[in-house]
Amino acid sequence: MSNTTLTISSKNYSSWSLRGWLLTKFSGLPFEEIVMGVDDPGARAELLLLSPSILVPCLYDDGIKIWDTLAIAEYLNEIRPEAGLLPSERKARAHCRSICGEMHSGFGSLRSALPMNLKAHFPGFKVWARAQSDIDRIVTIWRDCLGQYGGPFLFGEQRCAADAMYAPVVTRFATYDVKLDPEIVDYGQRVFALPEMQQWMADAQQEVEEIDELDVEF
């Protein structure tokens, strides 16, 4: 067994697991996955937004346990600075930390109204006003970053922590048929095309476990 492990839950449903997994993949740190089933009470509570979870994602490396997604990003940036999880320039790095923090702590209406579900598709899904406000704010963040740093990713040519943090939102926009302008659609397609995302989505399609509450259009 590897000395480095990352504990995650469902690849179909768990947005926080996807963030932690992408961060670790982007860093280049070799690790072994430990997958918790959706029947685990702690994992299920996290997936249904009933409680915060310190169970997933959880990185264990060199005898150190790191379970908060932002803490995982900062730790990986410390031990693998060459991976570019955070921009090299101080101003851009502060900007990246700010939008990652906004994703980490905000957008509750989007999370509850449009839960991550990679195997589902709801054409013409009705987005309510509070969730739409979150969508509008996220689109503004993406547009500003793409304009300021020139793309193709949020902070320039290399994907970074910000792209990992917002990747689950890219999947939500696709699942719930959110109408977006071409620049934002193109950014989402670039995220989907990342080999790490392709691997995650392929694995999600193979999952047999389901959560009925997250498979019903509401």
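The values are calculated or read from the model by the stated rules, or taken from the named source; none is laboratory data. Quick caveat: nothing in here was measured; it's all calculated off a predicted structure. Here the Cβ is made from the backbone with ideal geometry for all residues, glycine too, and neighbour counts use every protein chain on show.
Is it the case, given these coordinates, that Phe122 is touching a helix residue (DSSP H, G or I) at 6+ places or on another chain (Cβ under 8 Å), within 20 Å of Leu194 (Cα to Cα), of a type in the set (A, V, I, L, M, F, W, C) and surrounded by fewer than 23 Cβ atoms within 10 Å (Cβ to Cβ)?
no
Mind telling me which of the residues Gly84, Gly101 ends up being small (Gly, Ala, Ser), under 22 Å from Val191 (Cα atoms) and in contact with a Cys (Cβ under 8 Å, 6 or more places away or on another chain)?
Gly84
Among the residues that make up the stretch 133-145, is at least one of them surrounded by 17 or more Cβ atoms within 10 Å (Cβ to Cβ) and either under 22 Å from Glu82 (Cα atoms) or at pLDDT below 95 (or both)?
Yes, that holds for at least one residue.
Given (1) in a helix (DSSP H, G or I); (2) under 28 Å from Leu29 (Cβ atoms); (3) not acidic (Asp, Glu), where does Met116 come up short, assuming only one miss?
With respect to (1) in a helix (DSSP H, G or I); (2) under 28 Å from Leu29 (Cβ atoms); (3) not acidic (Asp, Glu), Met116 is out only on (1).
Residue-by-condition table, conditions (1) over 26 Å from Ile72 (Cβ atoms); (2) in a loop (DSSP other than H, G, I, E, B):
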{"residue": "Glu102", "(1), (2)": "no, no"}
{"residue": "Ser109", "(1), (2)": "no, no"}
{"residue": "Asp136", "(1), (2)": "yes, no"}
{"residue": "Leu146", "(1), (2)": "no, no"}
{"residue": "Gly151", "(1), (2)": "no, yes"}
{"residue": "Val169", "(1), (2)": "no, no"}
{"residue": "Lys179", "(1), (2)": "yes, yes"}
{"residue": "Ile184", "(1), (2)": "yes, no"}
{"residue": "Val191", "(1), (2)": "no, no"}
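Just checking, how many residues over the stretch 151-204 are under 15 Å from Val139 (Cβ atoms) and of a type in the set (Ser, Thr, Tyr)?
Count: 3.
So that you can scan it fast, the table gives a plain yes or no per residue for (1) out of contact with any Lys or Arg (no Cβ under 8 Å at 6 or more places or on another chain); (2) buried (at least 19 other Cβ atoms within 10 Å of the Cβ):
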| position | (1), (2) |
| --- | --- |
| Glu157 | yes, no |
| Ala164 | no, yes |
| Pro195 | yes, no |
| Gln205 | no, no |
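Return yes when Arg80 is over 16 Å from Glu157 (Cα atoms) and basic (Lys, Arg) and no when it is not.
So Arg80 fits the description; yes.
On the basis of being under 15 Å from Ser15 (Cα atoms), in contact (Cβ under 8 Å) with a residue 40 or more places away in the chain and in contact with a helix residue (DSSP H, G or I) (Cβ under 7 Å, 6 or more places away or on another chain), does Cys100 make the cut?
Details: under 15 Å from Ser15 (Cα atoms): yes; in contact (Cβ under 8 Å) with a residue 40 or more places away in the chain: yes; in contact with a helix residue (DSSP H, G or I) (Cβ under 7 Å, 6 or more places away or on another chain): yes.
Yes; evaluated as a whole, the condition is true for this residue.
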